[in-house]
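**Q** Okay, here's the structure, questions in a sec.
The values are calculated or read from the model by the stated rules, or taken from the named source; none is laboratory data. Treat the numbers as computed from the prediction; the structure is a model and nothing was measured. Using ideal geometry, Cβ is built from the backbone for each residue, glycine included, and neighbour counts are taken over all protein chains shown.
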Amino acid sequence: MMSTIDFWVPDSQSTGQRRAIAAYLQAFTEEGSLVLEPFCRSDALTSLAAGEGRRIVAVSFNRLDALRTRVALLTISKRELDSALTRIADSPKANLTLREHLSRLYRTTCLRCGQETQADYYVWERSETLPSQVRFVCPACGESGLKATDDFDEQILKEIPARGLHYWHLLDRIAPQEGNARKVATDLLQLYSPRSLYVISNLQLKIDALFSASPLCDLFRFALLEAMQRGTKLNAVPGDPPASHSSGLRPPQRYAEWNIWRLFERAARALGGQQPSPPVLLESKPDQIASPESTSGCFVGHLTVRKLAATVPKSSAHLVWVEAPPLGRTHWALPYLWTGCLFGRRAAAALWPLVRRRSSDWSWYLSAMRSALAALATTLRQDGRLVLVGPSKGAAFHETVTMAAASAGLQPETSVYHALEPELPTKPFGGLLGDYRSTWRAGAAGPQWPMETPELLTNCRAAAVQAAKELLTARAEPVPYARLQAHIWETLARRSLLQRTLLIQDLGAPLDWVRQQVSMALQSAVGTVLVQLWKDEEKEECLWWLARPQEATPLAERVEAAVATLLEQHSPVDLTDLLSQVYQSFPGVLTPDEAWILACIKSYASPLEGGQWLMNQADHAQVRSAARNDVLSLLVSLGQKGGYDCRVDQNHGTVYWAQGGRETAALMVLDSGSLSSLLYQPIPAAVTRAFAILPKARLDLIRARFERSPNLRQELAARHWQFIHDQDLLLWATGNETRPDGLSSLVSLEPFTPQEPGQLSLL
C-alpha cells in the first residue's frame, strides 16, 4: 500500500472515475479491507472493490442511487431476462396483452403505404396542445422518418384522459394529499404527457405485481427509471440543440414525447446478459459484510449514513469514499418524482428536504454534511482514509464540504483541485468549474483553547494571505481565483480555523463569514503582497499574482518540459497514461489544468489511432538542439557579414553583436515555448536591441501562454523584445541579399497584438 495520493489521477470519459478509484483502493486498502460508500454515487467503486476482494458496503438515503448501483452488479442471463420480459408483455390488460394494449397508444399510419405502425416519438411545440409531427418506421414498406400528425394521431391522443385513474395513482404514490409536497408533485407530473403517465403507471403496477420478491424487480424498476428519464418533456427533439441547463425544469421550445413502452423494452433488454467481472455476490444485510469475521462480500442498499455508522463496527473501515450529493431543487425534483413512482410515498419523503431547499442554502447543507461526516469519522481505522470527491463542482461546494469535514473530527492530509477549464482570467473572486479530491484521516484533535472573534479574524486573514503567497511562489505564475480558493480553505482547515469558526455563536452564517474574511484579506494585500493582473481596461476579469515575485521557472514551462521529456521516453504513449505521469510529476498545489497539458502534447506530438500519441521527429531534443545551433551559427555569420564582432552564449542560446567594443544587440534563439529566459537572463547594459527567434512549431503554445498570462506580454514588451520566426529567418537567409539591416522585414507582431508600428524598428 502507498502512504498517500497527493496528485491528480486522471480518467477518460469512457471510464468515468475507474482509474482514480482503482488508485485509491490500491493505496489505502488490501484484500479483505472494509470499504464504505455512503451515498452510492459511484457504481465503479462498488464493482472494483468487490472484484479486488475488498468488503464493500454501499448505501444511500436515495433509493435511486442504491438501485442503480445494485443493478450494475446483478448477473442476469439473457434467457432469464427475455422470459421475464415476455411475462410482463403477455400479462392481461383490457382484454389484450399489456404489450398490445400499450402499443395501441402509439399507433400511427405510414406516410407511404398507409398501414398502421408504431411511433418512436412525437414532436411537440411547447405552446401547442397537440403534437405537430411523428417519427415512425414502417415494417410493411420500410418507409421511415418524420411526418405531420393527422386526425388519426389526434384521435388516439384524445382517448387518454388527462386526469384518469393512472394520474391519481401516481400522484398518491409521490406525495400526501395535502401540503407543499402535493403541489410540487402535481407540477412535476406536468413534465409528462397523459399518455406517458398512463404507460408508466401500468408498467409500475405490473412490475410490482409480478416480481416484488425477485431480483428482477430491481432490473425492471431501473429500466422503467431510464424510460422515465428519457420520456420527460425536458428532452429536446433528436437533432435539435440540447436543452439548456439554465432553463431548469422548463421544457425546450420543441420537445419529444417518446414511446415509453419501447424505451422500457430497450432498456430492459440492454441489461440482459450483463456479467460483472468477476461476478459479485450481493449479501442481504450490511452487518454480514461489516462483521470482523467477514473476509469478502458486498452489500448495496437503502440506508442513511447514521444507520450505516451504527451498523459498522467503530474504527473498522480502511477507506470511506464520499461523493457528496448535490444541493438544490433542480437536482432533486425529478428524482423525488421518480422515487415516488417506483417506490412509493414514504421513499419519496426522504428526498423532500432536498427538494424544498434552494441551491444557495449552503448553511443547511453544511449542517447536514457535518453530521454525516462526523458519523462516518467514527467508522475509520486509525490508518484509514476518508476521500472527499466533488466532480464538476464549484467553489461553494468545496468550501462547504471542507468546513464540514474539518469540524467533523477529520484531519486534512492531501487536497487536489483539478480545473476543468483553461486557467484564464476570471472575476476577482469567481470560480472555474473543477474537480476536487481531498484525503482526510480520523482522530483530529479539536481546538485546544478558545479564540475570541477579533483574534480569529486576524488569524483567518493572515492564513489566507500566507496560503495565497505560498501557492503563487510554488507555481511561479499568475492564477485565477479558483486556485487560491482551494488552497486557502485547505490551509484554514489544517490550522483548525474552520473548526473554531463554528464554535463562535455570534458569527451568524459561518461559511459567509469565512468567505468574507478571505475576500477582505486578499483585497487588503493587493499592492503589498499581491497584485491583480486585469485582462483588459474594463477590469472585470483578472489573475492573481505576487507583488514582488522571485525569479523562478513558471509552472507552465515546467509542464511543457516534462511533457516533451515523457514523450521522448515513452512515445508512442496512451493519452491517459501520459496525463497520469504528468500529474504525478506535479502534485498538490502544482496540479496543472488539463487544457495546458493537452496544448503541450499537441505542440510536440501527433495523434494515432486508439488514443495514442507519437512525438514528432522534428521535436526530439537532439533534433531541436541541432536546429538551434544552426540558427545560432546563421546569426553569427549574418553579424560578421555586417561588420559586427560576435559572441555566443551557448548556455542561454544567445548571440551578441558588438561594434567598437560594445555589445549593442542580443539575439536569443528559443527551441521551446519557454519565455522566462527572456525575462530573467541578464543582458549587458549597452544592449539596445533585443530579438527573440521563436520556433514556429511552438507558436500555438506561445499564443496560449499569452492568453493565460496578460502580464507576460507586458513584461516582454517593457524589455523591448522583438520577435522573428525561425523558419522565416532561415528562408530569408537563403536569398542573395542578406544583410543585418534586412531583418526588420522579418519582425513579427503575432505574439504582441498591442505593439505599435514604431516598435518594428530593428536596426
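**Q** With (1) within 38 Å of the chain's Cα centre (by Cα); (2) exposed (fewer than 15 other Cβ atoms within 10 Å of the Cβ); (3) within 21 Å of Ala562 (Cβ to Cβ); (4) of a type outside the set (D, E, K, R) as the list, and Ser677 as the residue in question, which single condition is left unmet?
**A** (2)
For (1) in the same structural domain as Phe723 (by TED's automatic domain parsing); (2) at pLDDT below 90; (3) more than 22 Å from Arg719 (Cα to Cα); (4) assigned to a helix (DSSP H, G or I), each residue gets a yes or a no:
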residue	(1), (2), (3), (4)
Arg628	yes, no, yes, yes
Gln640	yes, yes, yes, yes
Asp700	yes, no, yes, yes
Phe706	yes, yes, no, yes
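**Q** Considering every residue within region 417-427, establish whether at least one is among the β-branched types (Val, Ile, Thr), in contact (Cβ under 8 Å) with a residue 12 or more places away in the chain and closer than 30 Å to Phe706 by Cα. Steps first, please.
**A** Of the residues in region 417-427, the ones among the β-branched types (Val, Ile, Thr) are 426.
Add one more test, that the residue is in contact (Cβ under 8 Å) with a residue 12 or more places away in the chain, and what stays is 426.
In the following step, the residues that additionally are closer than 30 Å to Phe706 by Cα were identified as 426.
Yes, the conditions are met somewhere in region 417-427.
**Q** Could you please give the count of residues in region 707-716 that are surrounded by fewer than 18 Cβ atoms within 10 Å (Cβ to Cβ) and in contact (Cβ under 8 Å) with a residue 40 or more places away in the chain?
**A** So the count comes out to 2.
**Q** Here's a follow-up. Please work out which residue is surrounded by the fewest Cβ atoms within 10 Å (Cβ to Cβ), limiting yourself to region 254-305 and to residues that are among the charged types (D, E, K, R) and outside any strand (DSSP E or B).
**A** So the residue we want is Glu293.
**Q** Here's something else I'd like to know. Take region 79-115 and flag every residue that is of a type outside the set (D, E, K, R), over 21 Å from Asp150 (Cα atoms), within 41 Å of the chain's Cα centre (by Cα) and surrounded by 14 or more Cβ atoms within 10 Å (Cβ to Cβ).
**A** Leu81, Ala84, Leu85, Ile88, Ala89
**Q** Next up: Among the residues of region 575-590, are any in contact (Cβ under 8 Å) with a residue 40 or more places away in the chain and either in the same structural domain as Ala690 (by TED's automatic domain parsing) or not in a helix (DSSP H, G or I) (or both)?
**A** yes
**Q** Which number in (1) buried (at least 18 other Cβ atoms within 10 Å of the Cβ); (2) more than 31 Å from the chain's Cα centre (by Cα) marks the one condition that Gln505 misses?
**A** (1)
**Q** All but one of (1) closer than 25 Å to Leu456 by Cα; (2) buried (at least 21 other Cβ atoms within 10 Å of the Cβ) hold for Leu567, so report the exception by its number.
**A** Among (1) closer than 25 Å to Leu456 by Cα; (2) buried (at least 21 other Cβ atoms within 10 Å of the Cβ), Leu567 violates only (1).
**Q** Let me ask another. Do you know which residues across region 359-405 are part of a helix (DSSP H, G or I), over 20 Å from Ala486 (Cα atoms) and out of contact with any strand residue (DSSP E or B) (no Cβ under 9 Å at 6 or more places or on another chain)? Even if it seems obvious, please write down each step before you answer.
**A** To start, the set of residues in region 359-405 that are part of a helix (DSSP H, G or I) comprises 362-377, 395-405.
When the remaining residues are screened for being over 20 Å from Ala486 (Cα atoms), the result is 364, 367-368, 371-372, 374-377.
Across region 359-405, the qualifying residues are Trp364, Ser367, Ala368, Ser371, Ala375.
**Q** Separate question: For region 287-308, give me the residue count where each residue is modelled with pLDDT under 90 and either within 19 Å of Phe39 (Cβ to Cβ) or in contact with a Pro (Cβ under 7 Å, 6 or more places away or on another chain) (or both).
**A** Going through region 287-308 one residue at a time, the tally reaches 3.
**Q** Return the only residue of Leu308, Leu319 being part of a helix (DSSP H, G or I), surrounded by 18 or more Cβ atoms within 10 Å (Cβ to Cβ) and in contact (Cβ under 8 Å) with a residue 12 or more places away in the chain.
**A** Leu308
**Q** Can you tell me which residue within region 604-626, out of those that are hydrophobic (A, V, I, L, M, F, W, C) and surrounded by fewer than 19 Cβ atoms within 10 Å (Cβ to Cβ), is nearest to Leu730 (Cα to Cα)?
**A** Ala626
**Q** Then there is this: Taking region 54-67, which residues are more than 24 Å from Ser33 (Cα to Cα) and either not assigned by TED's automatic domain parsing to the domain that holds Ala44 or not hydrophobic (A, V, I, L, M, F, W, C) (or both)?
**A** Asn62, Arg63
**Q** If you don't mind, another one. For region 691-699, does any single residue satisfy the condition of being without any contact (Cβ under 8 Å) to a residue 40 or more places away in the chain, over 24 Å from Ala547 (Cα atoms) and more than 29 Å from the chain's Cα centre (by Cα)?
**A** Taking every residue of region 691-699 in turn, at least one turns out to be without any contact (Cβ under 8 Å) to a residue 40 or more places away in the chain, over 24 Å from Ala547 (Cα atoms) and more than 29 Å from the chain's Cα centre (by Cα).
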